[in-house]
């Protein structure tokens, strides 16, 4: 059976992803990606008409604690340790523009 992917296709994808791969890795990835594509193709032949779509195979629920107000560190004490504080908040450098 021929591989659904060629070495050239895998090399092109690696180049587009800016990955440097050796010839041995190229051979390995071509085989592995080919197997993945063959498996995905096998999945298309399954009759899934009565299968309910799911986001996860197990029923999950979030376990959250109650939101209770409790004593914490004093804001002024924390801000006093910061390298820069402005108006009761941490001072941070601009994301764009001049450096601090």
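We did not get these values from a lab; they are worked out from the coordinates using the rules stated. Just so we're clear, the structure is a prediction, and the values are computed from it rather than from any experiment. A quick note on method: Cβ atoms are made from the backbone with ideal geometry, for glycine too, and the neighbour counts reach across all protein chains shown.
In table form, for the structure just shown:
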{"item": "For mean projected area of the Cα convex hull in nm², calculated from these coordinates, the label among [x] 15.9; [y] 8.6; [z] 9.7", "result": "[x]"}
{"item": "Cβ-based exposure ranking for 10, 78, 68, 51, in which fewest neighbours within 10 Å come first", "result": "68, 51, 78, 10"}
{"item": "Normalised contact order of the chain, rounded percent, pairs of Cα under 8 Å and 6 or more residues apart", "result": "17 percent"}
{"item": "Residue 60 versus residue 20: modelled label distance in nm, points set 7 Å from Cα along the beta carbon direction", "result": "3.8 nm"}
{"item": "For 90, 58, 29, order by how many other beta-carbon atoms lie within 10 Å, fewest first", "result": "58, 90, 29"}
{"item": "Label-point separation in nm, residue 81 to residue 51, each point 7 Å along Cα→Cβ", "result": "5.2 nm"}
